[in-house]
Every structure is written in C-alpha cells, then in structure tokens.
Amino acid sequence: MGVANKDWRRRPAAAVCGLLLFALGLISLFTGHVASDLEWYSQRLVKRTWYYKDLSYRAQIDIWKSKFANFYYGCSDRDPHFAPAVRERFSNGYLLIATSGGLNQQRTGITDAVVVARILNATLVVPELDHNSYWKDESDFLNIFDVDWFISYLAKDVPIVKRVPVKVMKSMEKPPYTMRVPRKSEPDYYLEQVLPILLRRRVVQLTKFDYRLANDLDEDLQKLRCRVNYHALRFTKSIRNLGQKLVMRMKKMAKRFIAVHLRFEPDMLAFSGCYYGGGDKERQELSEIRKRWETLPELSPDEERTRGKCPLTPHEVGLLLRALGFDNNTYLYVASGEVYGGDETLRPLRELFPNFYTKEMLAGDELKSLLPFSSRLAAIDYIVCDESDVFVTNNNGNMAKILAGRRRYMGHKRTIKPNAKKLSALFTARDKMEWSTFARKVKSCQRGFMGEPEEMRPGRGEFHEYPSACICHRPSKYSISNKNNGHQNLDRFLNVSVEASRDENTGSDQSENRLLRREKGSIRNGPISILEEIDHGDFMSD
C-alpha cells in the first residue's frame, strides 16, 4: 500500500515535468524563429529617429537615389571670423610633408597637412608623394593633381609654395629637421612638440604622414579639411578629361550605372588574413605573400569573417546587389586591380550582371600612357566611381571611405557600404533559405548602410567618411516650423538642386563658383564624428 501511494505521487510529478519540457521545447522553437528575424521585426518597432520624423519617412527605400538628398548639401565655406592666412614671410617656417601609401591614403595626408600648417601658422611646401610603397608609383604631386589650382584655392587659408626658397635653404646651418608624429595627434601636440622645433630650425619635415591628425577638431578646421579634399585637390586636366570620357561612355550605354570598387588582389587577401575556400593552394599562396609583413599578427579566418573584416568576394557583391533589387540588366563599372583567381573568380559576378565594364575595356589604347602609374590609374577609377549613380565597395579601405564622404558632400549620391559583419552569416547560410527570405534579410542588414542622410550622425566613423561638420540641412516641408521663421532664405535653399553642383574634377570653374556662391549664408548643422581605429594598418588603403 505504501509503495502504491508513492507511485501515485510520482505520476503527477512526472506528468508536470513532461508538460514543462514540452512547453520549453515550443518556446525554444518559437523564440529561435523570432531571434532569426529579430532585426527585421525591430525595424517596425523601434522609435524613429529625428530624420524619419522630420521627413515623414515611411516608404520603401529607393535603391538608386535617396529621396531626401535634396534636403542636404555640402557647406564648407570659411567663417567670416576665420582669420586670413598668414603671409609667407611672416609665417613660423616651412613645413615639408612626406605622404604615405596609395593615392587615397596620400589624399588624407595632404588634406591633414594643410590643416597642420594652419595650426602651426606655417608655410606648407607642396607635399611629396610616396614612391616607395607597395605600388612603387614614381608620380609626383604635379603629375596627379593640379598644383596651381591647389595653391590658389587655399591662398586665403594657408600659404603654399612649390619648394623652400633657395635663400632660406642656404641660410640654414643644418638640414631640415625630420620627425614622425604619432597617429591621430591633437592640435596641442603640434603646438607643443612641433612648433618649438619649427621656430628654431625654420624648416621641418614630417614623414609617413597619414592619419597623423586627430579626427575630432573644431568646426572651422573640419571645414578647412573639406575645402582641401573636395575642392582644392583637383586632378590634372588630362586625368579629368580621360575620366570624364569613360563616364560619358558608360552613360551613353545606360541611363544610370553602378560603380563597384572591388579590392580582391592577392596581396589584399593575404594581408586580411581571410580564407575564401580555395583549399591548400590558396592557403599556401597567401601565406607566402603574408611573409612580406613581419609584424602582422596571426589571425583566425573564421573570426575575421565573423567580425566583418573580410572583403566580400565578387560573387557576394553580386548577391548583395541582386538582393537589394538591382536586376541583371543593370550596368556595372568595376574598379579593381588584379583579382585573385582571375576570370574564374569574376565569373559569378559577370553572370549576375552581364553588362560588366572596366577602365581597360572602355579606354583601350587611351590608357597606355598611364599603365606604369598605379596612382594615375586609381585617379581614373576615382572619377568614374564618383560620377556613378550608385557606388558600392567590397571593403573598408581608404578609397571606399574617401569616396563615401565625397558623395555625401556632393549631394548624398547613393553609396552602399556592405554591413559585412551581419552579411557574413547570411552568405554562409545562403543555400539554406529561399531567395525571398535571403533578400529580405539582406535589406534588413543594410538599413543604415545605404548612404542615406540619416547616417550623418555624431560619433559615427572617421571624418573623411562622415564629414558631418560640412553637411548642412535644408528643412523639408515636413519639418519647417515656427522656429524657422527667422530664416528668410529657406525658400531659396529649397529650390536649389544639389544635382546642379558639378564636382571640381570635371574641370568646370563655373561649377566651382556656383557651388561657392550656394554655400554662402548656409544654415549650419555640424556634429563632429569620433575617430575609429584603422584596422589592419596601411595596406587596406589604396
């Protein structure tokens, strides 16, 4: 009888445990499904930002152009209280700059060199370009950039000369003092550590000058950065003309086109530490190339991919674009060097987008004179990518960042930056889901990475990619309120098309003047970004 009572007591307990386990199983199944789509659901539940409120944004995103681009414009005009440039003979000395890396890494160095010269009240000598980097390009500044335009455009900000005057060099008892400043140095560092030497020696050279100035500067200096990068650094006439020829050839074939900056060279992949499924052959080849850099740490390919640090493959770029809604009739301009695996690696992208073009295909013999000079070839790609309707990259290198910032400044042209960290899991699981599910999840991942004006917010990325201090906001019809009644020029601003501002690389001085006139009287909206560390050092630049 006692045993029977014990069995009777155990049965309800066992039943309850079974029910609990069954319920937990159902909950686990349900929550697993919800978790997989959590980000998609959250898009519908999260509180809208000021951007969505102001512009009453509810519609599906236009993959070719932001609907709100016309409400934002580049505004880097100098403030009336910004002191004029010191005259050369009254400056604190001459600043020599030796840049580092490829074309776009050097571009950041040149831009910051002007700002540093301003901070030091120094005369800047036209910067020297790097002839010893991986690319071994012998081009000088005047071979790539319009040096006279550079000097004259910035005359009100900084005195610039082509060389140190002979009489100054002869009067020096010692050669120019050479030093390398730490990366991301604050203005105070230059005033405390560099200026005293400049005053004593009259000529100072700063070497390997890339990312040597802090990201977070006061607004006037940030605007000076924009004047240098987006206006003063104009390519030579011959480079501009050839670049525009290729743009016109693309536009003659298609009303609009996408430019893809594809960095998938063997050296790039070796440096990244990633693995792309090529077996022992790939591992051995990339491992040999990797030995060129003695200080590179050992990296886990799986961890790097999970962290979003691996450049997308050409196939992944194609899948991303098709998932976003671009069909196979879309025209692609592909800016790239030697692709690892050659035509076989490019084949999946070509199949997805048969209208596939490169500068070599479009220019033919016109490109011959530039073939020995990687930076001049990169300048041609830069122009075509900048003029494209949509720009997309497979990496987070310097060209990607510089062009993203420029396209924001020049009217928020559609610029797609892959959210590689979240996309990596989707690409891995691509064969396990329907295309419609894959496409929906890709669109969800890419929210906030499509070049919309809303992405220009404080604390996001590097200033060269997010030049927020140089982007001004025209209130839309949804956001004009009584607080704006004092702005008598709003109607005029609303009628100005950002599209009318042609960039300086077209060679149109009239367009430059129109842009400068438009900037005057602008309404300021200048949050400052916070610098993120550059991953993987200099090689990621181009």
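So which residues in segment 206-235 are in contact with a Phe, Trp or Tyr (Cβ under 7 Å, 6 or more places away or on another chain) and open to solvent by 30 Å² or more (accessible area, probe 1.4 Å)?
D220
Could you go through segment 442-450 and let me know if any residue there is among the hydroxyl-bearing types (S, T, Y), assigned to a helix (DSSP H, G or I) and under 24 Å from F68 (Cβ atoms).
Yes, segment 442-450 contains a residue that is among the hydroxyl-bearing types (S, T, Y), assigned to a helix (DSSP H, G or I) and under 24 Å from F68 (Cβ atoms).
Okay, residues lined up against (1) acidic (D, E); (2) more than 14 Å from L262 (Cα to Cα); (3) at pLDDT below 95:
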site	(1), (2), (3)
G337	no, no, yes
L349	no, no, no
L352	no, yes, no
Y357	no, no, no
E366	yes, yes, no
L370	no, yes, no
D386	yes, yes, no
N395	no, no, yes
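Taking the criterion of being touching an Asp or Glu at 6+ places or on another chain (Cβ under 8 Å), in a loop (DSSP other than H, G, I, E, B), under 30 Å from R256 (Cβ atoms) and of a type outside the set (F, W, Y), would at least one residue in segment 108-130 satisfy it?
no
Write out, first by first residue and then by second, each pair whose Cβ atoms fall under 8 Å of each other, whose residues are 6+ apart or on separate chains, and whose first residue, in segment 125-144, is farther than 14 Å from P372 by Cα while the second is of a type in the set (S, T, N, Q) and part of a strand (DSSP E or B).
So the pair list comes out as P127/T99; E128/T99; L129/T99; D130/T99.
If you take the residues in segment 314-349 that are under 19 Å from L362 (Cα atoms) and among the aromatic types (F, W, Y), which one is least open to solvent (accessible area, probe 1.4 Å)?
Selected residue: Y333.
What do you reckon, is D146 open to solvent by less than 60 Å² (accessible area, probe 1.4 Å) and modelled with pLDDT of 95 or more?
Details: open to solvent by less than 60 Å² (accessible area, probe 1.4 Å): yes; modelled with pLDDT of 95 or more: yes.
Yes; evaluated as a whole, the condition is true for this residue.
Looking at (1) farther than 24 Å from Y189 by Cα; (2) open to solvent by 40 Å² or more (accessible area, probe 1.4 Å), find the lone condition where A83 falls short.
Of (1) farther than 24 Å from Y189 by Cα; (2) open to solvent by 40 Å² or more (accessible area, probe 1.4 Å), only one is false for A83: (1).
Show me the helices (runs of 4 or more DSSP H) found entirely inside segment 236-311 where at least 2 residues are open to solvent by less than 40 Å² (accessible area, probe 1.4 Å).
On the way: elements: 237-253, 266-272, 279-290, 301-306.
Ranges flagged: 237-253, 266-272, 279-290.
Listed residues Y134, Y153; which is touching a helix residue (DSSP H, G or I) at 6+ places or on another chain (Cβ under 9 Å), over 23 Å from M179 (Cβ atoms) and at pLDDT below 95?
Of Y134, Y153, the one residue that is touching a helix residue (DSSP H, G or I) at 6+ places or on another chain (Cβ under 9 Å), over 23 Å from M179 (Cβ atoms) and at pLDDT below 95 is Y134.
For Y177, are the conditions met, namely being among the hydroxyl-bearing types (S, T, Y), over 28 Å from F463 (Cα atoms) and open to solvent by 60 Å² or more (accessible area, probe 1.4 Å)?
Yes.
Report whether or not T428 is surrounded by fewer than 22 Cβ atoms within 10 Å (Cβ to Cβ) and over 25 Å from the mean Cα position of the chain (by Cα).
So T428 passes the test.
Looking at A155 and the list (1) in a helix (DSSP H, G or I); (2) within 22 Å of R202 (Cβ to Cβ); (3) open to solvent by 30 Å² or more (accessible area, probe 1.4 Å), which single condition is not satisfied?
The one condition A155 does not meet is (1).
So which residues in segment 70-92 are in a strand (DSSP E or B) and of a type in the set (S, T, Y), if there are any at all?
Of segment 70-92, the ones in a strand (DSSP E or B) are 72-74.
Of everything in segment 70-92, those that are in a strand (DSSP E or B) and of a type in the set (S, T, Y) turn out to be Y72, Y73.
If I filter segment 184-200 down to residues being exposed (fewer than 15 other Cβ atoms within 10 Å of the Cβ) and free of Cβ contacts under 8 Å to residues at least 60 places away in the same chain, which single residue comes out as farthest from S91 (Cα to Cα)?
Going through segment 184-200, the residues exposed (fewer than 15 other Cβ atoms within 10 Å of the Cβ) turn out to be 186, 188, 191-193, 196-197, 199-200.
Next cut, free of Cβ contacts under 8 Å to residues at least 60 places away in the same chain only: 186, 188, 192-193, 196-197, 200.
Numbers: E186: 21, D188: 18, E192: 17, Q193: 17, P196: 13, I197: 14, R200: 13 Å.
My answer is E186.
Those residues that are among the charged types (D, E, K, R) and touching a residue at least 12 places away in the same chain (Cβ under 8 Å), I need them from segment 68-119; list them, please.
Matches in segment 68-119: D77, R78, D79, R87, E88, R107, D112, R118.
The values are calculated or read from the model by the stated rules, or taken from the named source; none is laboratory data. What you see is a predicted model, and the numbers here were worked out from it, not measured in a lab. A quick note on method: Cβ atoms are made from the backbone with ideal geometry, for glycine too, and the neighbour counts reach across all protein chains shown. To get the accessible areas, we keep the full protein, side chains included, count just its heavy atoms, and leave off ligands, DNA and RNA. Shrake-Rupley method; radii C 1.70, N 1.55, O 1.52, S 1.80 Å.
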